[in-house]
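Worksheet: the structure to be examined is printed underneath.
The values are calculated or read from the model by the stated rules, or taken from the named source; none is laboratory data. It should be emphasised that the depicted structure is a prediction, and the values quoted were computed from it without experimental measurement. Ideal geometry is used to build each Cβ from the backbone, glycine not excepted, and the neighbour counts take in all protein chains shown. Side chains included, ligands, DNA and RNA excluded: accessible areas come from the protein's heavy atoms. Shrake-Rupley method; radii C 1.70, N 1.55, O 1.52, S 1.80 Å.
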Amino acid sequence: MRNPSGVLRAWLNDRPLVPDTALAVALAGVAVLLLRAVPPREGTQEGLVAALAVAWCLSLVLRRRAPFSMLLTTCLAGIALATLGVDGLPLWPAVLLLVYTVAAHRGLALSLCALVWSLVCHFVTTVPGGTLGDWGVHLPVTVLTVTMWLTGRSVRLRRAYLEELRDRARRTERAREADTRAARAEERSRIARELHDVVAHHVSVMTVQASAARRVLATNPEGAREALSAIEEMGRTAMAEMRNIVGVLRTDASPAERNPQPGVAEIPALVDQMREAGLRAQLWVEGTPGTLPPGVDLAAYRLVQEALTNSLRHAGPTARAWVTVRHEHGQLAVEVEDDGRGLDGDAVPGEGSGHGLVGIRERVALYGGVLRIGPRPEGGFEVNARFPLKDV
């Protein structure tokens, strides 16, 4: 349920002329009452004085548009009333309101000018009545005028402070949205790399197995059957890994559905898998394995996976591959080498339009590592990466 006072306040803020008109009418009534309480000197036309005071009070409807100009003319009207034999008191409530308005809606310099002008005009209006030296009259007016000026300034400063808070909140919201967009883009890039690594590796192995099954189908049915079984198992593994990767996009996925990502501990199984696919691969693990950061752990596994996949695809049917994982002090070194010559005799693995090696470079650079990819001096190809372990 909405607050009625809040609804009324919002309605009045959208229609400022309504409260200003009501205030101007109230000040005109106050001016008439003050004229009756303090009658003018003899010989003064009371009707003209009352009409002048009421007219100037009603003109305060325009106070928000030109408050300083309204203050100048109202103070001059007060001086005019004083010369006609009437004390300037009937217009003084209007002057106080205008001093507040200038202080609340204009800058410091203009508001100080309004304060000084109003006080000077007050002293001028007391000259005809002979009360210029009466501080019993000046002190209350001065205190009240300064109080209205300070109130207006505090309102202005509070309004500026709230506007600054709103502006800061808007900037924070824009920054948060930009961070969210950047995080989403980074996550999409990460998922794209993961999908590429999984699909490229498993499809390459399945292609090699299918080719082998086709060649031995007529002469070795049992070998073809084993190759087809390996293809089936590889397809299931690929589907499971892709399901785990894409599962992070599902907001309703339970923690049980988000299986751990592979790491260095799974590299022996990966090498065995590549052997079954036809690549003569060997693995050496040096040093004492320790706890690795999850990102480095996954990056090292994907690097070996992509490098062996390239060796399987490009090194040739008689090629051999070596995988070396060294757990050194403060770093993790991963090397994958092969002695292949390419399927056509001079092809260089990793060249072309594929994104596998590009993804490896991104992974290693992400964790501050050093990567070398290129041909070996004695022939073949190598992928050499070193990951710093500063946080371990």
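Here are some notes:
- Candidates Glu337, Glu286, Glu382, Glu306: the one that is farther than 30 Å from Glu233 by Cα, among the acidic types (Asp, Glu) and at pLDDT 85 or above is Glu286.
- Single residue of region 276-293 satisfying the filter (closer than 17 Å to Asp338 by Cα and part of a loop (DSSP other than H, G, I, E, B)) that is farthest from the chain's Cα centre (by Cα): Gly278
- Residue among Leu96, Leu76, Leu81, Leu34 that is touching a Ser or Thr at 6+ places or on another chain (Cβ under 7 Å), within 16 Å of Thr125 (Cα to Cα) and modelled with pLDDT of 70 or more: Leu96
- Inclusion of Val61 among residues that are within 23 Å of Ala28 (Cβ to Cβ), within 48 Å of the chain's Cα centre (by Cα), at pLDDT below 90 and not in a loop (DSSP other than H, G, I, E, B) is warranted.
- Enumeration of residues in region 217-268 that are acidic (Asp, Glu), open to solvent by 90 Å² or more (accessible area, probe 1.4 Å), more than 15 Å from Val203 (Cβ to Cβ) and modelled with pLDDT of 65 or more: Glu222, Glu226
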